[in-house]
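Participant: What follows is a single structure, and I will ask about it in a moment.
We did not get these values from a lab; they are worked out from the coordinates using the rules stated. This is a predicted model, so every value here is computed, not measured. All Cβ positions, even for glycine, are placed from backbone atoms using ideal geometry, and neighbour counts span all protein chains on display.
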């Protein structure tokens, strides 16, 4: 029995080994861990700790960043040769390409699609291209370096002895052109590009250049005339822009030469004697000098440091003086010497508020429409040109009359909008701010006069605090921003803000309020004023310089409104509701002020006496005026410099109304008071009786409310009664004198 149990154990172990060993060998072949299902593993802590430390020490692999571009070109070498008839160019372009991406296909722009390709080879084998977005493209996969050889034909155009070809080539960052053209004595240029100059070989002209651009270059050439075959012939075009201002004129002249023949090393001009040369510039100008004046003309000689051929130009800048407020001067006649033919244009414009009038006498010149002047002159002159003269011969005489008009005083700066905001606490303290949107043209300060008794809390420009100063007359000076012109050539607007506080009347009962805005030394186009007052009062009888708007109530939370609605149906709780509303408003005012001022001890600042807050020379803290309570809006347009704007209105407890008189009572009181006032004045009673009667009459008018017609009707019998009294007194006086 014992032997059987041992044999059973051995059999089980052998069976497990038979199942596990093939699985382990298969996992080892796959270089992965065996799949043992939910089998548990028990190892000592020291071994598990070693495994964890090894895992923590091993650095994480850093991913390789992708390349910034998909591919890169090498230098492109362009071997070009013109055929014997110089009607086309045969191009052979060779370059290499490095593919940098290996995770996807890369699309390569091989050459512009307009290039007439004969063949394309990549790594010595023909390549298949396709067209996309104006290019002949090739799709390549995998990192590798490839060599390309392109062959193409380019047509040659010609006109008036000059030939040119538009060369297209692969968009390589560097391209070297090696061009051979049959024939000798050729002048070859490449634009854009930098050339080494043509080299003459046996029967051919070789031209090499480094091309720059986006794969497009124009090659042009023409046959030059030998020096011993023909003398130099010059043609010139003169373009002058003359700006006339107050007492002077400023000119810029562009002279372009067309050179036929062996070229030139110097040019000569003749200028009026009254001109002062400010600048002279041109390619290769070695120097210039003025000769002695003769007959009101001065010679000018310009020396070059090279032999100018084909074309050359220079620019001359000068100025001259005018005398008197109304004067006439002759248009400066600039003569180009030694040319076979010259064509000239002169554009005239006014630099300031002067009136220019051409004279009737014109010699060798004529007026043309500004739209007919050359494009190069029009691009420099702009749209301010008044007159354009054209001439072909010298001397050119044109008299210009200049009339200087008197300048007018205009506004340098202006306030587009003034936004005022005031808050009145339940204790009568007022906190106000005024934000001015200013367009400034070289004004240094904005001068503002605060209301009487007000204390400045801070000044801000574009939301940032600035140091304000005070003038001798008490005005506050706020530094303005320097002039910045916008796209519309107008000064860019910016905001300037003032914050101040003042003591006022404590709200409650029947009373009168008055608010005065700061006066500034600029015109204000629009003024808007928001005043926030306690909601327990009603406000009426508005007056002053601003027009009132509709009243609104602004609260921060809805709890009080809900409380009012819930207690509206309980008369016994009315006093409790009003006291809670008053306590809520007082707490809310204090919290609002403490939350808006970014400074310590806010309650002490708000309750401190005016004039003891702040220090000189310090930047102010940002203060926001609370927007809570009954809102009163006012507006006004066009406020003059230094003009004061004020608002006046009455206040009374909420729900309080003046009593209304009946129609008959209004009639009787109006008749009695009007009759009494007339008798007091007629009988020369003491002044206090007349004042009392007038007050009673005004009070009757106010209490009449909807019965104003009865009040007016009562005045008629009163006037009639006073007339009868006056008539009887006159009769008695005449009878007494007769007796």
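Participant: Give the separation of the Cα centroids, the stretch 92-135 to the stretch 363-419, in Å.
Facilitator: If you average the Cα positions of each part, the centres end up 55 Å apart.
Participant: Right, another one. What does the C-alpha gyration tensor say about the overall shape of the stretch 233-404? Classify as rounded when a/c is under 1.5, otherwise prolate if a/b is larger than b/c, or oblate. Intermediate values should be presented prior to the final figure.
Facilitator: Working: a/c = 1.88, a/b = 1.57, b/c = 1.20.
Since a/c reaches 1.5 and a/b is larger than b/c, the shape of the stretch 233-404 is classed as prolate.
Participant: Continuing with the same structure: Fewest Cβ neighbours within 10 Å first, please rank 457, 701, 45 accordingly.
Facilitator: On the way: 457 19, 701 16, 45 7.
Going from sparsest to densest Cβ surroundings: 45, 701, 457.
Participant: Could you give the length gained on full extension between residue 473 and residue 290, defined as 0.36 nm per residue of separation minus the Cα-Cα distance, in nm?
Facilitator: Numbers: separation 183, 0.36 × 183 = 65.88 nm, distance 6.03 nm.
Stretched out fully, the residue 473 to residue 290 stretch lengthens by 59.8 nm.
Participant: So if R0 is 30 Å, what FRET efficiency would residue 494 and residue 356 give, r being the distance between their Cβ atoms, rounded to the nearest 0.05?
Facilitator: Values: r = 38 Å, r/R0 = 1.26.
My answer for the efficiency is 0.20.
Participant: Turning to a different aspect of this structure: Ranked from highest to lowest mean number of other Cβ atoms within 10 Å per residue, what is the order of the peptides 141-148, 216-223? Each step should come with its number before you reach the end.
Facilitator: Values: 141-148: 13.9, 216-223: 18.5.
Ranking the peptides 141-148, 216-223 by packing returns 216-223, 141-148.
Participant: May I ask you to order 502-514, 328-340 by the average number of other C-beta atoms within 10 Å around their residues, highest value first? Intermediate results must be reported in sequence, preceding the final value.
Facilitator: Working: 502-514: 14.7, 328-340: 17.6.
Final packing ranking: 328-340, 502-514.
Participant: Same structure, new question: Going by average Cβ density within 10 Å per residue, which order do the peptides 254-265, 635-646 take, highest to lowest?
Facilitator: Working: 254-265: 17.1, 635-646: 14.2.
Highest to lowest by the protection proxy: 254-265, 635-646.
Participant: Next question, about the same structure. Out of all DSSP beta bridges with both ends in the stretch 233-404, state the antiparallel percent to the nearest 5. Write out the running numbers ahead of the final one.
Facilitator: Numbers: 67 of 77 bridges.
Close to 85 percent.
Participant: Please arrange 130, 169, 539, 135 by how many other C-beta atoms lie within 10 Å of their C-beta, fewest to most. Write down the numbers at each step before the final one.
Facilitator: Numbers: 130 11, 169 25, 539 17, 135 21.
Least to most surrounded, the residues fall as 130, 539, 135, 169.
Participant: Subtracting the Cα-Cα distance from 0.36 nm times the residue separation, let me have the gained length for residue 716 to residue 330 in nm, one decimal. Please report the intermediate quantities before stating the final value.
Facilitator: Numbers: separation 386, 0.36 × 386 = 138.96 nm, distance 8.40 nm.
Gain on extension, residue 716 to residue 330, equals 130.6 nm.
Participant: Further question on the same structure: Classify the stretch 170-259 as rounded, prolate or oblate from the Cα gyration tensor: take a ≥ b ≥ c as the square roots of its eigenvalues, call it rounded if a/c is under 1.5, otherwise prolate when a/b beats b/c and oblate if not.
Facilitator: Details: a/c = 4.84, a/b = 1.61, b/c = 3.01.
Oblate, since a/c reaches 1.5 and b/c is not below a/b.
Participant: Right, another one. Rounded, prolate or oblate for the stretch 71-223? Axes are the square roots of the Cα gyration tensor eigenvalues, ordered a ≥ b ≥ c, and the cut-off for rounded is a/c under 1.5. Walk me through the numbers before you get to the answer.
Facilitator: Values: a/c = 2.37, a/b = 2.15, b/c = 1.10.
It is prolate, given that a/c is not under 1.5 and a/b is the larger ratio.
Participant: For 469, 74, 422, what ranking results if the residue with the fewest other Cβ atoms within 10 Å of its Cβ goes first? Don't skip to the end; give the middle numbers.
Facilitator: Values: 469 13, 74 16, 422 22.
The most exposed by this proxy come first: 469, 74, 422.
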